[in-house]
Amino acid sequence: MSKIAVIIPARWASTRFPGKPLHLLAGKPLVQHVWERARLARGIASVIIATDDMRIAEAAFLFGAEVALTSPRCVSGTDRCAEVARRLTKDGITHLVNVQGDEPLISPLLITQLARALAKDPTLQMVTAATPFLPDENPANPNAVKVVLSRASNALYFSRSLIPFPRDGGAFPYLRHLGIYGYSVPFLEKFVRWKTGVLEAAESLEQLRALEHGVTIKVLHTEHTSIGVDTPEDALAAETLIVGASRLQSPPK
């Protein structure tokens, strides 16, 4: 039987936004918003913040989160998840959902979707999600990763370029990849031991390492999207949405 944990990797040393996880949004640290959203997901045994920084760990302890201290040698959030996974197997954890620590508006329903997919198919090694581009979004933006799928909704390729290329100039229903992943624990252990491949190095997209090794990546279609916070300007936009949502949820006086 599957037992699934959510891991939220959080690091201090962001090049564009140092200390980002503890930046206050509507009076709470950014990472607390992510943690609170993840705790609303169903089918999850535990939600853990993984960090190598005591400032983040101490703040997380204060708002009640479970924290796993990881090695400063972890190169990526995936490496941080794998380190935590090794400790969780004794608790019967079979799968992980990796939720980025800079998405304060992550949908609990999307996390639930990934958890259900992992629980439903014990052979599934890796799962992620994609959503249609909104009318005001530019698919050609290299920061918006595109994914193309097989008829079975498995990833054929991920790219920062437009894929497929519209040779005749017509419209194409491009899919934007969302940076959320689910893994089986045994697969994640293998994944972090593989060396960076030529495709991953060229696109700077970690998931291409799995495709280069012939791994099937299931891609869930979703209408849920989120705002990643990479800069202080992104944080301001996210805070505006958080405040607006809380006002809508507040009962009239």
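Please treat every number below as a calculation from the coordinates, not as lab data. Just so it is clear, the model here is predicted, and its values are computed rather than measured. In this analysis, Cβ positions are derived from the backbone assuming ideal geometry, glycine residues included, and neighbour counts consider all displayed protein chains.
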Neighbour-count order for R176, R87, fewest beta carbons within 10 angstrom listed first: R87, R176
Distance from segment 175-247 to segment 1-71 (C-alpha centre basis), Å: 16
Label-point separation in nm, A144 to S246, each point 7 Å along Cα→Cβ: 3.0
Sparse-neighbour loop sites [GluC sites (Glu not before Pro); segment 24-77; at most 10 other C-beta within 10 Å; DSSP]: none
Cα-based radius of gyration of segment 64-119 once divided by 2.2 N^0.38 Å, which approximates compact folds: 1.23
Restraint check, K146/K195; K28/K146; K3/K218; K20/K195; K120/K218; K3/K190, Cα-Cα greater than 21 Å: K146/K195; K28/K146; K20/K195
Linear extension gain, T216 paired with S46, 0.36 nm per residue minus alpha-carbon span: 58.6 nm
Per-bin percent of Cα-Cα distances, segment 1-90 [5 Å]: 3, 14, 25, 26, 19, 9, 3, 1, 0
Axial C-alpha extent at least 20 Å, average Kyte-Doolittle at least 0.5 - helices from the chain (DSSP): none
Qualifying GluC sites (Glu not before Pro) for segment 169-253 [loop in DSSP, other Cβ within 10 Å: at most 15]: E223
Overall dimensions of segment 107-253 as given by Cα atoms, namely Rg and Dmax in Å: 17.3, 59
Cα gyration tensor of the chain - equivalent ellipsoid semi-axes, whole Å, descending: 27, 24, 18
Sorted by Cβ density within 10 Å, fewest first, the residues H95, H213: H213, H95
Taking D168, D234 and counting other C-beta atoms within 10 Å, the order from fewest to most: D168, D234
